[in-house]
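Down below is the structure, laid out as structure tokens.
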Amino acid sequence: MPLRETIDIRKMLRYLFLFIILGSTFVARAQPSDFLALKKKNGITIKNYFAGIPIDFYTARGEVSGIIRKIDKDTIYITYHDVRMAYTMWGTQVPDTVTSYDLRYSYKDIIAIPKKAKGFEFVRDGSIFILGGTGFTVLHLVNSAIQSQPVNWKTVGIAMGVAGVGVIMRLLRKHEYKIGKKYTLNYINMK
């Protein structure tokens, strides 16, 4: 008889333990965090910024980058890590975190957010055209001087035209989302 009572007590303790575990999961609730939404004027969302993700932006005082710790009451709390290269005993360098500190900014202080570089950025911003056009021009002029032949100005004009297209592409390329007329940064309160 005592053996049966211990088995019943063990069953009861198992059920009690299971009830406590399941009950605690139902009580735990996740509180939604506030977030920022970068949008075009037509309402299309470009990117959302939540706690825990990295962010880069420009204020009137300069560029700020770090990881968002939390967004609360129109304020962004950012943890900045100062990472510098340190030498090892073998003479190589490794990144080392010197310090980290917390920053906070109002989302209204943000004047621009840099665009993330996409694939083939050197073609999109015209760098390849500038390099190719000026390189071909220099090569043609040097070869003409070495070989004592006249310069073909049509070839030089075409090469400089390609370089000029690259310069125009670079000037027209937008590298940031300027907050204002075309883009807005909206604070979304989830409480």
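The values are calculated or read from the model by the stated rules, or taken from the named source; none is laboratory data. Here the structure is a predicted model, which is why all the values come from computation and not from measurement. Reconstructed Cβ throughout: ideal geometry from the backbone, glycine too, with neighbour counts over all protein chains shown.
For Ala145, state whether it is surrounded by 13 or more Cβ atoms within 10 Å (Cβ to Cβ) and either modelled with pLDDT under 90 or not assigned by TED's automatic domain parsing to the domain that holds Val64 (or both). Before the answer, list the steps.
Working: surrounded by 13 or more Cβ atoms within 10 Å (Cβ to Cβ): no; either modelled with pLDDT under 90 or not assigned by TED's automatic domain parsing to the domain that holds Val64 (or both): yes.
Spelling it out, it is not the case that Ala145 is surrounded by 13 or more Cβ atoms within 10 Å (Cβ to Cβ) and either modelled with pLDDT under 90 or not assigned by TED's automatic domain parsing to the domain that holds Val64 (or both).
Return yes or no: is Phe19 modelled with pLDDT under 90 and surrounded by 10 or more Cβ atoms within 10 Å (Cβ to Cβ)? Talk me through it step by step, then tell me what you get.
Values: modelled with pLDDT under 90: yes; surrounded by 10 or more Cβ atoms within 10 Å (Cβ to Cβ): yes.
Yes: the conditions hold for Phe19.
Condition check ((1) under 19 Å from Pro114 (Cβ atoms); (2) among the hydroxyl-bearing types (Ser, Thr, Tyr)) across all residues:
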site: Gly43; (1), (2): no, no
site: Ile46; (1), (2): yes, no
site: Ile55; (1), (2): yes, no
site: Tyr58; (1), (2): yes, yes
site: Arg61; (1), (2): yes, no
site: Gly66; (1), (2): yes, no
site: Asp72; (1), (2): no, no
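Determine, yes or no, whether Thr184 is assigned by TED's automatic domain parsing to the domain that holds Phe57, part of a strand (DSSP E or B), under 26 Å from Asn42 (Cα atoms) and not hydrophobic (A, V, I, L, M, F, W, C).
Numbers: assigned by TED's automatic domain parsing to the domain that holds Phe57: yes; part of a strand (DSSP E or B): yes; under 26 Å from Asn42 (Cα atoms): yes; not hydrophobic (A, V, I, L, M, F, W, C): yes.
Yes; evaluated as a whole, the condition is true for this residue.
Could we say that Thr155 is assigned to a helix (DSSP H, G or I) and either touching a residue at least 12 places away in the same chain (Cβ under 8 Å) or of a type outside the set (D, E, K, R) (or both) here?
When the stated conditions are applied, Thr155 passes them.
Would you please list the contacts, defined by Cβ atoms under 7 Å and residues six or more apart or on different chains, that run from a residue in region 37-57 that is under 12 Å from Asn186 (Cα atoms) to a residue that is at pLDDT 90 or above and not in a strand (DSSP E or B)?
From region 37-57, the pairs are Lys40/Lys182; Lys41/Lys182.
Find the strands (runs of 3 or more DSSP E) located wholly in region 75-142 whose residues include 3 or more that are without any contact (Cβ under 8 Å) to a residue 40 or more places away in the chain, surrounded by 14 or more Cβ atoms within 10 Å (Cβ to Cβ) and not assigned by TED's automatic domain parsing to the domain that holds Val167, and list them.
On the way: elements: 75-87, 93-106, 112-114.
Result: 75-87.
Considering region 157-191 alone, what residues qualify as being polar (S, T, N, Q) and either loosely packed, with under 12 Cβ neighbours inside 10 Å or over 23 Å from the mean Cα position of the chain (by Cα) (or both)?
Scanning region 157-191 gives a single hit, Asn189.
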